[in-house]
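Here is the structure we will look at.
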Amino acid sequence: MKTAVVYYSLNGNTEMVAKEIAKIASADLIKLEPEEAYPTSGFKKFFWGGKSAVMGEKPNLNPYVFNASEYDKVVFGFPIWAGSVTPPIRSFVLDNKEVTSKKISIFACQSGNGAEKAFAKFKKEFGVSEFVSELILIDPKDKPSDDNQKKINDFCSKL
């Protein structure tokens, strides 16, 4: 069986980490994109992203290829918005409910804090009892470090 890395990235931090995890884990990469893009800068970025996350919105996604029966492990990656799971990830999980029966790992990229809270919300909202591996990084694209690479490697060793 295979591993899928399913991610949403607004500014490239999560995408950079997702690609690195997929490379190390020899996993398939599944990028989620909402039909209507979120603003990427200024007040609108924080307002619309935060509102969408807090309100539990489920945006329509652009087409992607995913067949849950092909995977026994799924890694989810997303930026932290208002201490919550980003809406495109919510859409994906609700559209592919069978993923919650897989071995799930999770990672988040953030500028501040809130990842632990978002991970707990993910478990509660989608009925996941535990994660195989968890990873939290602070702006890894903008602040690269050897420590971040070590954390990614450690995360991947548990998959």
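The values are calculated or read from the model by the stated rules, or taken from the named source; none is laboratory data. Remember, it's a predicted structure, so these values are computed and weren't measured experimentally. No Cβ is skipped: glycine too gets one built from the backbone with ideal geometry, and neighbour counts run over all protein chains shown. Side chains included, ligands, DNA and RNA excluded: accessible areas come from the protein's heavy atoms. Shrake-Rupley method; radii C 1.70, N 1.55, O 1.52, S 1.80 Å.
Hey, can you tell me all the residues within the range 79-96 that are out of contact with any strand residue (DSSP E or B) (no Cβ under 7 Å at 6 or more places or on another chain), at pLDDT 95 or above and either open to solvent by 10 Å² or more (accessible area, probe 1.4 Å) or part of a strand (DSSP E or B) (or both)?
Correct list: Arg90, Leu94, Asp95, Asn96.
How many residues are touching a helix residue (DSSP H, G or I) at 6+ places or on another chain (Cβ under 7 Å) and assigned to a strand (DSSP E or B) if we restrict to the range 106-142?
Adding up the residues that qualify gives 8.
Quick one: which residue in Ala22, Ala68, Ala4, Ala53 is over 14 Å from the mean Cα position of the chain (by Cα), open to solvent by less than 30 Å² (accessible area, probe 1.4 Å) and within 23 Å of Lys97 (Cα to Cα)?
None of the other options fit; the residue is Ala68.
Just to be sure I understand the filter: pairs with C-beta atoms under 9 Å, separated by 6 or more residues or on different chains, first member in the range 53-70 and within 16 Å of Asp28 (Cβ to Cβ), second member open to solvent by 100 Å² or more (accessible area, probe 1.4 Å). Which pairs pass?
Close Cβ pairs satisfying both conditions: Ala68/Lys97; Glu70/Met1.
State the number of residues belonging to the range 136-147 that are under 11 Å from Phe107 (Cβ atoms) and touching a residue at least 40 places away in the same chain (Cβ under 8 Å).
Qualifying residue count, the range 136-147: 2.
Residues being of a type in the set (A, V, I, L, M) and open to solvent by less than 10 Å² (accessible area, probe 1.4 Å): count how many of those fall in the range 97-134.
6
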